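What follows is a set of notes on a single structure, which appears directly below.
The values are calculated or read from the model by the stated rules, or taken from the named source; none is laboratory data. Values in this document were obtained by computation on a predicted structure and should not be read as measured data. So basically every Cβ, Gly included, is an ideal-geometry build from the backbone, and we count neighbours across all protein chains shown. Remember, those area values only see protein heavy atoms, side chains included, never the ligands or the DNA or RNA. Shrake-Rupley method; radii C 1.70, N 1.55, O 1.52, S 1.80 Å.
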Amino acid sequence: MTNRTRILTGITTTGTPHLGNYAGAIRPAILASRDSNADSFYFLADYHALIKCDDPLRIQRSRLEIAATWLAGGLDVDRVTFYRQSDIPEIPELTWLLTCVAAKGLLNRAHAYKASVDKNVETGEDPDAGITMGLYSYPVLMAADILMFNAHKVPVGRDQIQHVEMARDIGQRFNHLFGQGKEFFTMPEALIEESVATLPGLDGRKMSKSYDNTIPLFSSAKEMKDAISRIVTDSKAPGEAKDPDNSHLFTLFTAFATPAQADEFRSELLGGLGWGEAKNRLFRLLDNELGEARNKYHQLIERPADLEDILQIGAKKARAVATPFLNELREAVGLRSFVNQVQVAATTRKKAAKAARFVSFRDDDGSFRFRLLSPEGVEMLRSLDFEDGKAAGAVVKSLQSGHAYEIRNELHSKFSVWVGGEHVADGPAFDDDDSRDAGIAAVRRAFNPIQE
């Protein structure tokens, strides 16, 4: 068995994707998702969008455009978990659980909140004028996004490193208060890609909608050519040597060119290539790179029902992780069923009661497996095949410790058990989902027995 690294990335749905978004975030994330050692979770951060934008039509359009952009860019939804934040009701519930342990002093230090306060003070306003609780609590919602799926790595820009660190602080606090020796949350790490391009816009500043200097990613060929024609260059005429290292146009070209193409373009600029022709070269490069994806993007935009189906499938995959995990967190903080509470009390009184037990065995084909049997000897769980007994024993030990496992709901009232991102065992088939949920609860109690 191999441990896969869980990577989580979200994009806020407040605008139309442009060339800088693609080169700086979307393209590298799609390439990273193809790594066989990566377990990738990608989501549309539409709850976050409500903090920044109060235009419902803009948010709705942006959700559609960004979803289509990811898919047109080559994201394989069979390899990753791709979902809308707002389709996972467990996230706002976890946000509240985390809000109840997050220190106000920690949130007071958040960069976005401090910047808004400083701006108000500079202009003579009340320090909190215009500041919503959404802006103030933004780091807690981001912590819930990350901790809900126990992400190991979170690719972010440098301005977001603090939020990942705050997610660690809040997760550690929850573990300390309610874990009783168990680490519910994995401590995430910010992943800074030094090589990822930050593209200049038409005026040379960072490409951003706030500067109105962007090149829309999937605009028509004519619109893209018109935008490229507005890139600011120096006044050197054709035949005069250009300085590629101080050319915004050259920076844009190299973000999409092969090394050989970039070297040739550099030589031609040094040799006096005119800016008009240089802009034509950039247009042809981008049109060749993005033409096929552009066509797919517009096809997807015209079929919103297909996009909805894809995102609903992604939400189901995400909730197969989130729902049982949140139930575990609810139990930890005391939000338990009264029925289960009575059962737990009764169990603690039965000192000599038998416990569920693991039984290891070897199949006829030589592979190693294990079962989890109830106190009455009923099979509650059966493992997949393992090549050697040590591997099977390591999984049993991990499950007995009650750490780092997931139980996922499957079709036809079944469930599966995962350790370290790997599928290790399956529960029996049940007659209905309620019976399956009771079976899952029994397995969880077996993994986390009450200490006498």
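Checking each residue in the range 244-273 for being over 30 Å from Trp70 (Cα atoms) and open to solvent by less than 60 Å² (accessible area, probe 1.4 Å) picks out Pro244, Glu268, Leu269, Gly272, Leu273. Residues in the range 118-151 that are open to solvent by 30 Å² or more (accessible area, probe 1.4 Å), of a type in the set (A, V, I, L, M, F, W, C) and within 31 Å of the chain's Cα centre (by Cα): Ile131, Met133, Leu135. Taken together, the criteria exclude Ala257 from residues that are more than 20 Å from Ala23 (Cα to Cα), of a type outside the set (D, E, K, R) and part of a loop (DSSP other than H, G, I, E, B). Of all residues in the range 278-304, those satisfying the criterion of being open to solvent by 70 Å² or more (accessible area, probe 1.4 Å) and out of contact with any helix residue (DSSP H, G or I) (no Cβ under 7 Å at 6 or more places or on another chain) are Arg284, Asn288, Glu289, Glu292, Asn295, His298, Gln299, Glu302, Arg303.
Taken over the range 301-331, the criterion of being touching a Phe, Trp or Tyr at 6+ places or on another chain (Cβ under 8 Å) and over 14 Å from Phe149 (Cα atoms) is satisfied by Ile310, Leu311. Just wondering, is there one or more residues in the range 108-116 that are touching a Ser or Thr at 6+ places or on another chain (Cβ under 6 Å), surrounded by 15 or more Cβ atoms within 10 Å (Cβ to Cβ), part of a helix (DSSP H, G or I) and touching a residue at least 24 places away in the same chain (Cβ under 8 Å)? No, that holds for no residue. Taking each residue of the range 197-216 that is free of Cβ contacts under 8 Å to residues at least 60 places away in the same chain and open to solvent by less than 20 Å² (accessible area, probe 1.4 Å) and looking for partners that are part of a strand (DSSP E or B) and of a type in the set (A, V, I, L, M, F, W, C) with beta-carbon atoms closer than 9 Å, six or more apart or interchain, yields nothing.
Of the listed requirements (1) within 30 Å of Val101 (Cα to Cα); (2) at pLDDT 90 or above; (3) surrounded by 15 or more Cβ atoms within 10 Å (Cβ to Cβ), Leu191 misses just one: (2). Scanning the range 402-440 for residues that are assigned to a helix (DSSP H, G or I), surrounded by fewer than 17 Cβ atoms within 10 Å (Cβ to Cβ) and touching a residue at least 12 places away in the same chain (Cβ under 8 Å), which turns out farthest from the chain's Cα centre (by Cα)? The qualifying residue farthest from the chain's Cα centre (by Cα) is Ser435.
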